Amino acid sequence: MMYTEGTPIADRKAPDGPIDKRWQQRRFSARLVNPANKRKLTVIVVGTGLAGGAAAATLGELGYNVLSFCYQDSPRRAHSIAAQGGINAAKNYRNDGDSVHRLFYDTVKGGDFRSRESNVHRLAEVSVEIIDQCVAQGVPFAREYGGLLDTRSFGGAQVARTFYARGQTGQQLLLGAYQALARQIHAGQVKMHPRTEMLDLIVDDGRARGIVTRDLVTGEVSSHLADAVVLATGGYGNAFYLSTNAKGCNTTAIWRAHRRGALFANPCFTQIHPTCIPVSGAHQSKLTLMSESLRNDGRVWVPSAPGDSRPPHMIPEQERDYYLERLYPSFGNLVPRDIASRAAKNICDTGHGVGPGGLGVYLDFADAIKRLGKPAVAAKYGNLFQMYEQITGEDPYQVPMRIYPAVHYTMGGLWVDYDLQSTIPGLFVIGEANFSDHGANRLGASALMQGLADGYFVLPNTIGDYLADGPFAAVNQDTVTSVEQEVQGRVEKLLSVDGDRSPDDFHRELGQLMWDHCGMERSEAGLRKALERIPALREEFWRRVRVLGTGEGLNQSLEKAGRVADFLELTELMCLDALHRTESCGGHFRSESQTEDGEALRDDENFSYAAAWEYASPPVLHREELRFDHITPSQRSYK
């Protein structure tokens with residue numbers, strides 16, 4: 001047996017009653033900590049992206065003592081800075097029929113009915129507050145001619161609810177969070193630890209009480225203690241090696257927490273983004289995203305005839321297949337990401353793809369430039385067009401972009417309850433690091449929404465209910481010493497192997513294995529092949545990896561090796577989760593479970609649950625049944 005069944009798990013913190021009153025009810029029922037007692041409490045926040053930066057700044061503003069950690073040289077370097085297209089909010093400034101309920105509905109449907117109603121409705125409620133918060137911070141959102149905030153459409157919605165700052169929305173939002181964080185650092189409420197990587201979690205007397213870190217400059221391994229720990233360390237898309245994530249993005253923090261007892265939910269729910277610059281060769285170490293916002297004005301097409309290698313300007317209109325507009329006339333080019341990605345893969349598999357290897361489709365702005373004029377298109381997307389031209393050498397004002405799907409985001413993550421607390425008391429998980437809001441597929445522009453919702457509004461209201469029992473007893477020093485020794489032992493073991501393969505070499509092989517068998521399309525045969533190869537590759541890693549340098553000082557080879565070692569464990573759980581879930585839903589597409597026209601075919605009778613995995617040998621599956629009282633699950637249709 002590859003896994004065993006454990007007892008079911010339930011979210012005990014989510015209130016009952018009308019769904020639009022639950023968040024208000026939970027905030028009122030949560031216990032408070034008075035200002036004098038907050039000064040006695042310390043909270044560790046790992047990660048300084050939108051979720052972590054917002055949380056650290058807000059907790060500092062509330063009066064807690066905050067220790068903030070990031071492995072970058074500045075909090076401003078967090079990967080949130082790479083987000084391009086926008087942030088969703090149910091403001092309905094366009095008066096186009098949007099509302100909190102419609103955002104709630106679109107998000108649950110977009111996630112293919114594999115998320116919690118309570119969490120998603122709270123996210124939709126809080127979205128309207130996020131925009132006000134960011135405008136007050138001075139975030140330069142795009143504005144219409146009259147000065148009002150502008151919005152545009154993203155996939156999976158028929159309204160324009162996405163607020164944006166050209167193609168730099170993540171950067172501008174992160175700078176807003178960073179200035180709030182910097183204020184608290186200056187005030188002494190937040191102590192910042194840059195260039196410091198969390199390598200393990202300290203659990204004492206059943207509570208999360210601290211972390212063990214390695215200073216990436218000096219190599220020093222040390223421990224940091226607190227009354228609660230918040231993980232805001234992002235997703236694990238780099239398990240695939242080639243992804244749109246920054247190279248440093250990794251799973252070590254949440255995987256180490258998983259090994260210490262935190263359940264890991266829905267690890268197979270990974271998102272493939274349809275608009276990325278295609279792979280150009282084996283030399284690449286990452287891929288580049290082209291914002292989903294481009295599908296507002298860009299039209300996706302391929303030649304109607306298979307194998308047509310003519311330049312795009314020589315292919316007349318009647319010989320082009322605008323396949324998204326043909327297949328999904330109601331949503332056209334703005335279908336959700338999982339659907340657009342599979343459509344691109346299918347059209348390329350039938351020989352209609354363009355570019356090297358036929359692994360690409362065109363994203364064409366000729367009609368938009370003709371309709372709006374080049375200056376208007378440049379005002380919306382200018383920096384994205386520049387980026388594309390710098391990478392490919394092609395001018396998208398003159399020729400269509402070539403795009404192809406790539407790994408972008410992970411909906412799975414550590415299991416959390418309504419308060420964002422994991423199964424380890426005192427360990428809270430926010431942003432992409434948790435599993436809570438997006439189900440089996442995240443809608444575009446909702447990652448920034450969730451990160452800021454969790455950091456600014458949800459966690460600061462819920463963590464007090466836990467900290468009301470603090471300050472807690474002193475941590476047993478033997479526990480701290482034991483975890484430190486484990487971390488130091490892993491570092492020394494990696495350095496001592498002295499094999500003949502680099503960490504990158506192992507990572508590249510693992511990534512290709514995952515892309516082939518646990519990527520856009522999964523099958524029982526492929527997943528079983530991956531589950532046979534991954535343990536063997538992991539065993540080979542610990543025999544043959546070669547880590548140059550020493551543990552005393554800056555050593556990026558050592559950093560990579562530790563992260564790849566954790567990916568080699570996580571990917572096995574991802575494939576096991578994908579194998580056990582024999583249905584198709586959202587980004588998890590099993591070739592054995594599809595409709596007659598090739599769409600994902602869910603099995604609500606057997607799989608309407610979140611799969612929360614316990615670290616054990618073999619892994620233990622705990623099911624959280626999903627209830628749908630306000631939205632009736634149905635076969636998704638965007639036609």
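The values are calculated or read from the model by the stated rules, or taken from the named source; none is laboratory data. Values in this document were obtained by computation on a predicted structure and should not be read as measured data. Positions of Cβ are generated from backbone atoms using ideal geometry, with glycine treated the same way; all protein chains shown enter the neighbour counts. In case anyone asks, the SASA skips ligands and DNA or RNA and just uses the protein heavy atoms, side chains included. Shrake-Rupley method; radii C 1.70, N 1.55, O 1.52, S 1.80 Å.
Data for the structure
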| read-out | value |
| --- | --- |
| Complete set of residues in region 375-384 that are under 24 Å from the mean Cα position of the chain (by Cα) and surrounded by 19 or more Cβ atoms within 10 Å (Cβ to Cβ) | Y381, L384 |
| Total residues in region 385-400, condition buried (at least 20 other Cβ atoms within 10 Å of the Cβ) and either of a type in the set (S, T, Y) or under 25 Å from the mean Cα position of the chain (by Cα) (or both) | 2 |
| Residue, nearest to N296 (Cα to Cα), within region 328-352, restricted to residues that are in contact with a Lys or Arg (Cβ under 7 Å, 6 or more places away or on another chain) and touching a residue at least 40 places away in the same chain (Cβ under 8 Å) | L334 |
| Single condition S502 does not satisfy, out of (1) within 28 Å of the chain's Cα centre (by Cα); (2) open to solvent by 40 Å² or more (accessible area, probe 1.4 Å); (3) touching a residue at least 60 places away in the same chain (Cβ under 8 Å) | (3) |
| Filtered residues of region 215-224 (kept if in contact with a Leu (Cβ under 9 Å, 6 or more places away or on another chain) and open to solvent by 10 Å² or more (accessible area, probe 1.4 Å)) | V217, T218, G219, V221, H224 |
| Near pairs, Cβ below 9 angstrom, 6+ apart or cross-chain, from region 199-221 (more than 14 Å from E484 (Cα to Cα)) to any residue that is aliphatic (A, V, I, L, M) and in a strand (DSSP E or B) | R207/A228; R207/L427; A208/I44; A208/L201; A208/I202; A208/A228; A208/V229; A208/L427 |
| Single residue of Q189, Q168, Q172, Q179 found to be at pLDDT below 95 and open to solvent by 10 Å² or more (accessible area, probe 1.4 Å) | Q168 |
| Within region 6-117, helices (runs of 4 or more DSSP H) holding 2 or more residues that are aromatic (F, W, Y) | 22-29, 100-110 |
| Subset of region 541-593 (residues that are in a loop (DSSP other than H, G, I, E, B), among the charged types (D, E, K, R) and touching a residue at least 40 places away in the same chain (Cβ under 8 Å)) | R546, E552, R581, E592 |
| Residues (of a type in the set (A, V, I, L, M) and either open to solvent by 10 Å² or more (accessible area, probe 1.4 Å) or part of a helix (DSSP H, G or I) (or both)) located in region 319-353 | L324, L327, L334, I339, A340, A343, A344, I347 |
| Residue match in region 458-477 (condition: assigned to a helix (DSSP H, G or I) and free of Cβ contacts under 8 Å to residues at least 40 places away in the same chain) | yes |
| Region 608-618: number of residues that are open to solvent by 30 Å² or more (accessible area, probe 1.4 Å) and either among the hydroxyl-bearing types (S, T, Y) or not in a strand (DSSP E or B) (or both) | 4 |
| Complete set of residues in region 531-578 that are polar (S, T, N, Q) and buried (at least 16 other Cβ atoms within 10 Å of the Cβ) | N555, S557, T571 |
| Filtered residue count, region 239-284, keeping only those that are of a type in the set (A, V, I, L, M) and open to solvent by 20 Å² or more (accessible area, probe 1.4 Å) | 4 |
| Of all residues making up region 419-436, the number that are part of a helix (DSSP H, G or I) and within 16 Å of P460 (Cβ to Cβ) | 1 |
| Qualifying residue in region 594-607 (condition: part of a loop (DSSP other than H, G, I, E, B), surrounded by fewer than 16 Cβ atoms within 10 Å (Cβ to Cβ), under 24 Å from the mean Cα position of the chain (by Cα) and not aromatic (F, W, Y)) | no |
| Residues of region 333-356 satisfying the condition of being under 15 Å from P311 (Cα atoms) and out of contact with any Leu (no Cβ under 6 Å at 6 or more places or on another chain) | H352, V354, G355, P356 |
| Matching residues, region 485-499, being crowded, with 18+ Cβ neighbours inside 10 Å and over 20 Å from R544 (Cα atoms) | V487 |
| Selection count where residues are hydroxyl-bearing (S, T, Y) and closer than 15 Å to A343 by Cβ, scope region 274-303 | 1 |
| Hits in region 409-435 (condition: of a type outside the set (F, W, Y) and under 11 Å from the mean Cα position of the chain (by Cα)) | T410, M411, G412, G413, I430, G431, E432, A433, N434 |
| Breaking point among (1) touching a helix residue (DSSP H, G or I) at 6+ places or on another chain (Cβ under 6 Å); (2) open to solvent by 20 Å² or more (accessible area, probe 1.4 Å); (3) on the phi > 0 side of the Ramachandran plot, for F457 | (3) |
| Positions within region 317-341 being charged (D, E, K, R) and closer than 16 Å to D597 by Cα, in sequence order | E325, R326, D338 |
| Qualifying residues in region 407-432 (those that are closer than 23 Å to T275 by Cα and among the small types (G, A, S)) - the one surrounded by the most Cβ atoms within 10 Å (Cβ to Cβ) | G431 |
| Test result for G307, within 30 Å of N245 (Cβ to Cβ), over 25 Å from the mean Cα position of the chain (by Cα) and in a loop (DSSP other than H, G, I, E, B) | no |
| Answer residue from region 509-523, given it is in contact with a Lys or Arg (Cβ under 8 Å, 6 or more places away or on another chain) and in a helix (DSSP H, G or I) and is nearest to G412 (Cα to Cα) among those | H517 |
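Here's the yes/no breakdown for (1) surrounded by 18 or more Cβ atoms within 10 Å (Cβ to Cβ); (2) within 24 Å of P15 (Cα to Cα); (3) of a type in the set (D, E, K, R); (4) out of contact with any strand residue (DSSP E or B) (no Cβ under 9 Å at 6 or more places or on another chain):
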{"position": "A82", "(1), (2), (3), (4)": "no, no, no, no"}
{"position": "G85", "(1), (2), (3), (4)": "yes, no, no, no"}
{"position": "R94", "(1), (2), (3), (4)": "no, no, yes, no"}
{"position": "V100", "(1), (2), (3), (4)": "yes, yes, no, yes"}
{"position": "T107", "(1), (2), (3), (4)": "yes, yes, no, no"}
{"position": "R122", "(1), (2), (3), (4)": "yes, yes, yes, yes"}
{"position": "Q133", "(1), (2), (3), (4)": "yes, no, no, yes"}
{"position": "Q137", "(1), (2), (3), (4)": "no, no, no, yes"}
{"position": "T162", "(1), (2), (3), (4)": "yes, no, no, no"}
